[in-house]
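A short write-up of the structure that comes next.
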Amino acid sequence: LVILTGDSTMIYIPAAITASADSVTIGLYESSVITSGITLVSYNHQRNSSFTSNTILKTAPTVTTVGTLVSKSYIGGVSGNALTRQGGIASGGYKMVLKPDTQYILRFTNGSTASNTINVKMGWIESV
């Protein structure tokens, strides 16, 4: 997942990350270099505001440079056959201030021998 911050400071707030199989390592990399990618739709959860976000999210990018690791998390697996067990969950509880006009990659590394579907729920606050 690529996070392209706009021209203002962004406060990244991870809400929940779930894995369908065994373990997964999550790294947040700063000053990444990417090309292409599919732009995702984001929603303004401040329903009394017509503010349009300056932050752009992309998936399936071509990564030229991963960047500098600034945060790392781990979702532990379960014992037993990875094909018959559900993975874990990592939830928020912290906030991270991201630089303006910077590309970040939220990179997931599958630690399972099975396919691992990752679901990310996140939010952010932009200074205006």
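The values are calculated or read from the model by the stated rules, or taken from the named source; none is laboratory data. All of these numbers come straight from a predicted model, not from anything done at the bench. Glycine gets a Cβ as well: all are built from the backbone with ideal geometry, and neighbour counts include every protein chain shown. Quick note on the areas: whole protein, heavy atoms, side chains included, nothing else; ligands and nucleic acids left out. Shrake-Rupley method; radii C 1.70, N 1.55, O 1.52, S 1.80 Å.
Assorted remarks:
- Fully extending the segment from S20 to V66, taken as 0.36 nm per residue of separation minus the present Cα-Cα distance, adds 14.1 nm.
- Along region 25-30 the Karplus relation, 6.51 cos²θ - 1.76 cosθ + 1.60 evaluated at θ = phi - 60°, assigns HN-Hα couplings of 9, 10, x, 9, 10, 9 Hz to successive residues, with x for each Gly and Pro.
- Looking at region 39-80, the chymotrypsin sites (Phe, Trp or Tyr not before Pro) that sit in a DSSP loop and have at most 14 other Cβ atoms within 10 Å of their own Cβ are Y43, F51.
- Stretched out straight at 0.36 nm per residue, the stretch from A114 to L40 would grow longer than its current Cα-Cα span by 24.0 nm.
- Accessible carbon and sulfur surface of the chain relative to its total accessible area, %, 1.4 Å: 52 percent
- Karplus-derived 3J(HN,Hα), 6.51/-1.76/1.60, for each residue of region 112-118, Hz, glycine and proline x: 9, 8, 9, 4, 9, 7, 10
- Solvent-accessible area per residue for the chain (1.4 angstrom probe, square angstrom): 59 Å²
- On a per residue basis, the convex hull of the C-alpha atoms belonging to the chain measures out at 112 Å³.
- Charging the Cβ of each Asp and Glu at -1 and of each Lys and Arg at +1, and nothing else, the dipole of the chain about its Cα centre rounds to 220 debye.
- Distant-in-sequence amide contacts of T102, defined by a placed amide H-H separation under 5 Å and a gap of 5 or more residues or a different chain, comprise T5.
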